1. Within region 177-189, is there a residue that is in a helix (DSSP H, G or I) and either in the same structural domain as ARG163 (by TED's automatic domain parsing) or surrounded by 13 or more Cβ atoms within 10 Å (Cβ to Cβ) (or both)?
2. Looking at region 72-91 only, could you name the residues that are in a loop (DSSP other than H, G, I, E, B) and not aliphatic (A, V, I, L, M)?
3. Looking for something within 25 Å of the chain's Cα centre (by Cα) and in a helix (DSSP H, G or I) - is there at least one such residue anywhere in region 243-251?
4. Within region 149-171, which residues are within 16 Å of LEU111 (Cβ to Cβ) and polar (S, T, N, Q)?
5. Looking only at residues that are assigned to a loop (DSSP other than H, G, I, E, B) and among the aliphatic types (A, V, I, L, M) in region 193-233, which one is surrounded by the most Cβ atoms within 10 Å (Cβ to Cβ)?
6. Please work out if GLN138 is more than 30 Å from ASP279 (Cβ to Cβ), at pLDDT below 95 and outside the structural domain of GLU15 (by TED's automatic domain parsing).
7. Could you check region 123-142 and list, in sequence order, the residues that are assigned to a helix (DSSP H, G or I), charged (D, E, K, R) and out of contact with any strand residue (DSSP E or B) (no Cβ under 8 Å at 6 or more places or on another chain)?
8. Checking SER239 against (1) at pLDDT below 95; (2) in a helix (DSSP H, G or I), which test does it fail?
Amino acid sequence: MATLIKDKFDAWEKEAQARFDQLKSNEEELNKIFIDLYGLQDELDYHVKGDEISVSLADKERDIKSLISYAVGCMFGRYSLDEEGLVFAGGEFDLSRYKKFKPDADNILLLTDDEYSQDDESDIVIKFVKFIATVYGQETLEENLDYIADVLPGGGKSRDKIRKYFVSKFYTDHLKTYKKRPIYWQFDSGKANGAKALMYLHRYDADLLGHLRTDYITKLKQAYHSRIELRESQKLAASNAAEITRYEKEMTKINKQLKELNVFDEKIGHLALKKIELDLDDGVIVNYDKLQRDPDTGEKYVILSKGVKEP
């Protein structure tokens with residue numbers, strides 16, 4: 001049955017307000033009893049300020065971003081639509097526990113600033129849209145995407161805003177939520193956004209960097225070259241200066257991304273050969289650094305986004 005996220009949020013907002021009001025009323029009633037018992041009417045006020053109540057009110061931006069974070073958790077198998085609570089945080093990963101919505105099979109989701117394939121579920125936005133359709137229904141998909149995008153920065157169509165959020169803001173919010181001890185790690189080639197991808201730390205294995213290189217970076221390079229060829233042919237067929245300028249600008253951007261991606265590819269290739277093993281018991285700070293160092297020479301190859309301090 002199709003559902004609107006707006007309706008769900010409105011119901012939650014009313015419930016949160018009712019809980020807040022009830023708790024405030026209870027605390028004020030207890031204050032009255034205490035003040036009357038000790039005769040402190042002239043010294044104390046029984047009223048309780050809103051910011052002193054421990055129950056939070058609904059917040060659309062915060063709660064929508066929490067929904068996005070939960071969706072990412074389902075994409076990686078941390079959570080399942082078939083079970084309550086935490087489903088996977090280490091051990092043997094069992095795909096049979098995910099029936100309504102399948103997590104990503106190889107623990108890598110690309111964050112690209114444009115859609116290069118309309119059916120590639122390794123694209124986090126495509127995977128996210130599928131999640132929303134699965135949970136809330138296909139019939140209300142567009143309205144729900146609009147509702148989600150409404151709290152995200154920037155302008156444009158809903159999918160474009162969601163894509164921009166994943167590329168530029170999601171990891172920053174994730175670092176804040178987990179106090180700079182992220183459970184989803186972001187591979188990052190640099191400022192040009194040549195390549196960005198997320199992985200779930202608890203599903204990492206020593207072959208992941210090899211898969212990232214051969215199955216994703218190679219595919220991304222091909223997508224960039226194909227887009228440049230397309231824009232070049234469109235530029236030649238363009239009938240006005242504005243179109244030509246637009247195509248040239250995009251090709252310049254993609255060429256910068258390709259250059260950055262090639263450098264990133266070399267770093268990933270070097271580290272992939274080392275088959276680096278991580279130990280969750282060592283904690284995020286140690287492992288975050290370990291994955292970016294040659295275990296033989298100690299040389300650092302920066303492949304992850306900044307935000308986690310050095311050990």
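The values are calculated or read from the model by the stated rules, or taken from the named source; none is laboratory data. Note that the coordinates shown come from a computational prediction; the quantities given were computed from them, not determined experimentally. Glycine gets a Cβ as well: all are built from the backbone with ideal geometry, and neighbour counts include every protein chain shown.
1. Looking through region 177-189, at least one residue is in a helix (DSSP H, G or I) and either in the same structural domain as ARG163 (by TED's automatic domain parsing) or surrounded by 13 or more Cβ atoms within 10 Å (Cβ to Cβ) (or both).
2. Kept after step one, since they are in a loop (DSSP other than H, G, I, E, B), are these residues of region 72-91: 77-91.
Passing the criteria: GLY77, ARG78, TYR79, SER80, ASP82, GLU83, GLU84, GLY85, PHE88, GLY90, GLY91.
3. No, region 243-251 contains no residue that is within 25 Å of the chain's Cα centre (by Cα) and in a helix (DSSP H, G or I).
4. Of everything in region 149-171, just one residue is within 16 Å of LEU111 (Cβ to Cβ) and polar (S, T, N, Q), namely SER168.
5. Initially, region 193-233 is screened for residues assigned to a loop (DSSP other than H, G, I, E, B), giving 193-195, 204-207.
If we keep only those that are among the aliphatic types (A, V, I, L, M) too, we end up with 195, 206.
On the way: ALA195: 25, ALA206: 12.
Only one residue tops the list, namely ALA195.
6. Numbers: more than 30 Å from ASP279 (Cβ to Cβ): yes; at pLDDT below 95: no; outside the structural domain of GLU15 (by TED's automatic domain parsing): yes.
Considered against the rule, which asks whether it is more than 30 Å from ASP279 (Cβ to Cβ), at pLDDT below 95 and outside the structural domain of GLU15 (by TED's automatic domain parsing), GLN138 comes out as no.
7. LYS130, GLU142
8. (2)
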